[in-house]
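The values are calculated or read from the model by the stated rules, or taken from the named source; none is laboratory data. Treat the numbers as computed from the prediction; the structure is a model and nothing was measured. In this analysis, Cβ positions are derived from the backbone assuming ideal geometry, glycine residues included, and neighbour counts consider all displayed protein chains.
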Amino acid sequence: MSSPKYKRIMLKLSGEALAGDKGYGIDETMLNIVADQIIEVKNMGVEIAIVVGGGNIWRGRNDQEMDRTTADYMGMLATVINALALQDILERKGEQTRVQTAIEMRQIAEPYIRRRAVRHLEKGRIVIFACGTGNPYFSTDTTAALRAAEIDAEVILLAKNVDGVYDADPKKDKDACKLDSLNYIEVLDKGLGVMDATAISLCMDNKIPIIVFGLDKSHNIKKVVEGEQIGTVIK
């Protein structure tokens, strides 16, 4: 078995990745695929923290009349559903996990406490962060960057439905080219839809590299952790 390049990682899973081909909700097949890839990396001795989005359940305001704050809180609750589903499948497969939420809901998860999260990681538990930052107007991308900095993660693995960053939308432009590497300023200047500007700025300030890759192929998380060049590297 190859040695991992990273000791502690932050895995950012989009909610859409858990929906699979269904496009909405949680696809059991995709959930199993994601869990198997996470466990594969965990078995290499890597400490894994996860931030999961909620876009497969709630995409924010579906009209301009809904209050933005209310819509954002609804999105935070959607991330809890995904986090619990991920925890359940991982524990059914024999892995110890903890869900920590930025909004307290003690009956179903721990409140986010940095020192406790780090201790869980040191003990080999997989930690899943839900409810974003606990504040409206901040995305789960920003949460991933913030938590990565707080727990001293060496890298953010951004698992998406596409296999990297392109210079145009590959779903709309057949001539779109995949970019192998970028720096933070290029992402901001070109307005590339990788992560929001707040998240990119946080990563830049704390020198946390981001690797954007697709979950469409098996073993992709393992390949990234081993240092194989897939997807797009932002540093």
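Worth a mention:
- If only residues of segment 82-99 that are polar (S, T, N, Q) and crowded, with 18+ Cβ neighbours inside 10 Å are counted, the one that is farthest from TRP58 (Cα to Cα) is THR97.
- Of the criteria (1) in contact with a Lys or Arg (Cβ under 9 Å, 6 or more places away or on another chain); (2) free of Cβ contacts under 8 Å to residues at least 40 places away in the same chain, which one VAL52 fails: (2)
- Scanning segment 1-50 for residues that are buried (at least 23 other Cβ atoms within 10 Å of the Cβ), closer than 14 Å to ILE128 by Cα and of a type in the set (A, V, I, L, M) turns up ILE9, MET10, LEU11, LEU13, VAL34, ILE38, ILE48, ALA49, ILE50.
- Qualifying positions in segment 1-32 - touching a residue at least 40 places away in the same chain (Cβ under 8 Å) and part of a loop (DSSP other than H, G, I, E, B): MET1, SER2, SER3, PRO4, LYS5, TYR6, LYS7, SER14, ILE26
- Lone qualifier among ALA35, ALA49 - being out of contact with any strand residue (DSSP E or B) (no Cβ under 7 Å at 6 or more places or on another chain) and not in a loop (DSSP other than H, G, I, E, B): ALA35
- Inside segment 156-177, residues that are of a type in the set (D, E, K, R) and over 22 Å from VAL224 (Cβ atoms) make up a count of 6.
- Here the condition is being farther than 28 Å from LEU84 by Cα, at pLDDT 90 or above and either hydroxyl-bearing (Ser, Thr, Tyr) or surrounded by 18 or more Cβ atoms within 10 Å (Cβ to Cβ) (or both); of VAL225, VAL127, VAL233, it holds for VAL233 alone.
- Taking segment 58-108 as the range and being under 21 Å from the mean Cα position of the chain (by Cα), farther than 28 Å from LEU121 by Cα and assigned to a loop (DSSP other than H, G, I, E, B) as the test, the residues that pass are TRP58, ARG59, GLY60.
- Failed criterion for THR133 (all others in (1) among the β-branched types (Val, Ile, Thr); (2) farther than 23 Å from TYR6 by Cβ; (3) in contact with a Pro (Cβ under 6 Å, 6 or more places away or on another chain) hold): (3)
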